[in-house]
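Please read the structure below before turning to the comments.
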Amino acid sequence: MIRVLICTFILIVPAGGLVRAQKIDPLKQKDSLQALMDKAGASLNTSNYAAAIPLLRAALQLDSTNALALRNLGVSFAAMRDTAQARVYLTRAYRFNPKDAEVCYNLAVFTSQSGESAEAIRYFEAAYAIDTNSAMYSLGLGQELLSIGRVQKALPYLRRAHTLSPDLPIPLFQIGNCFAADRKYDSAEVYFEQCVTAGGSAPELHYFLGVAKRHLGKMDDAEKNFKLAIGRNPRYKECLQALGLLYAQQRKFVAAGAQFEKVIAVDSQFYAAWASLGATCALTEQPERADSIFQMLMKVDSSWGYQMVRLVEMEKSRQDDKQKTAPANSRPKK
């Protein structure tokens, strides 16, 4: 089963999009508060977050419930990669103004990134309920639902995102992931191809498209896409492994072994590659190296050693079956 890739494309709303003019009644607010907010807004509009933060904090000293100051502090800290402080201020902003869709969305992103899917879904749903015409909010909610395996519930939101932004590749990619997760590889292939047509070029896209094509028996197309993904990210170990397995399936064991070697060069503890490499060594008359790899795997985790043995046995069984079903005149003479 294809393991779904989710979080790559979620982005925090840029600070420039969060800075809005706020009309303040001079009878209810001090003039200095308006001045502080104006100066902070000017700094944020030029992405000068370090300058904006003390101004916004000063504004909060005059009005601790100012949701705009709290939100822009959260965004400023997020831009400076201080996620802990960003989340504190955005949570406070949400408490005073839970109808701010951008605050809800940013909180959803933070909770998603920290693995709090239930909270993330709650905030994504809140953002989407406020603005159902936002492709970003619909996409975020669909992605989060997909990340926890709720494929059928995710699909409508991803389709909605595609409807709202038909030229955006990401919703097409995630719709393809939904079908891949359900092993509907023909439908997954269609959406991954559409994503490529729409301008998608991420290594992950070509990897997943390659996996779908391999399941559909389109080996040449699968190889092409795996190579495209590796060309964009030569250290993409899952894709290197997939290409090696494709070669092994085609009995190109030398080429397969070369790919498994590349995986191990990227991550020496990727034991699936070691098991595959050991099997290819056993099948290409390298018994000493095969035995060395087997002994190493048994020491690390015996399940990997047994996996290596199973790979060898499966291939030998396949070769025996092929000989049994070959026409009599094509069998080697005794």
Using only the alpha-carbon atoms, how far is helix 271-283 inclined from the longest principal axis of the chain? Give it as 0 to 90 degrees, nearest 10.
20
Just to confirm the number: angle between the C-alpha axis of helix 83-96 and the first principal axis of the chain, 0 to 90 degrees, nearest 10?
50
Mind ordering 133-141, 293-301 by average Cβ neighbours within 10 Å, highest first?
133-141, 293-301
Springs between alpha-carbon atoms under 10 Å, Gaussian network over the chain: tell me which of SER64, SER76, SER276 tops the mean-square fluctuations.
SER64
Spelling out what I want: for every residue of the range 305-315, take phi, set θ = phi - 60°, compute 6.51 cos²θ - 1.76 cosθ + 1.60 (Karplus), and round to whole Hz; glycine and proline get x.
x, 5, 5, 4, 4, 4, 4, 5, 5, 5, 5
3J(HN,Hα) from dihedral phi, the range 127-139, Karplus parametrisation 6.51/-1.76/1.60, rounded to Hz, x for glycine, proline:
4, 5, 5, 6, 9, 6, 9, 9, 4, 5, 5, 5, 5
In degrees between 0 and 90, to the nearest 10, how far off the longest principal axis of the chain does helix 203-215 point, with axes built from Cα atoms?
40
Using a Gaussian network model of the chain with C-alpha springs under 10 Å, which one of VAL75, VAL109, VAL88 is most mobile by mean-square fluctuation?
VAL88
Might you report the magnitude of the Cβ-based charge dipole of the chain about its Cα centre, with Lys and Arg at +1 and Asp and Glu at -1, to the nearest 20 debye?
500
Could you tell me which residue out of GLY231, VAL109, ALA78 lies farthest along the dipole of the chain toward its positive end? Charges go on the beta carbon: Lys and Arg +1, Asp and Glu -1, centred on the Cα centre.
GLY231
Restricting the range 65-147 to trypsin sites (Lys or Arg not before Pro) in coil, as DSSP defines it, with at most 11 other Cβ within 10 Å:
ARG81, LYS99
Heads up, the range 111-216 by the C-alpha gyration tensor (a ≥ b ≥ c square roots of eigenvalues; a/c under 1.5 rounded, else a/b over b/c prolate, else oblate) looks prolate
Grab the DSSP H runs of the chain that are 4 residues or longer, score each as -39,500 (n - 2.57), total them, divide by all residues and round the 222 nm result to the nearest 500 deg cm²/dmol.
-23500 deg cm²/dmol
If each residue of separation counts as 0.36 nm, what is the full-extension length gain between MET219 and THR65 once their alpha-carbon separation is subtracted?
49.4 nm
Could I have the simple spin-label model distance between ALA50 and ARG122, label points 7 Å from Cα toward Cβ, reported in nm to one decimal?
3.7
Space enclosed by the convex hull of the alpha-carbon atoms of the chain, per residue, Å³:
165
Are there any GluC sites (Glu not before Pro) in the range 104-175 that are in a DSSP loop and have at most 16 other Cβ atoms within 10 Å? List them by number.
GLU116
Determine ³J(HN,Hα), in whole Hz, for all residues of the range 188-193 in sequence, where each value follows from phi through the Karplus function 6.51 cos²θ - 1.76 cosθ + 1.60 and θ = phi - 60°; x replaces Gly and Pro.
4, 4, 4, 6, 5, 5
Full-extension gain between GLN295 and ASP321, please, as 0.36 nm times their residue separation minus the C-alpha to C-alpha distance.
6.4 nm
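Each value in this text was obtained by applying a stated rule to the coordinates, not by laboratory testing. All values reported here derive from a predicted model rather than from experimental measurement. Cβ atoms come from the backbone with ideal geometry, glycine included; neighbour counts cover every protein chain shown.
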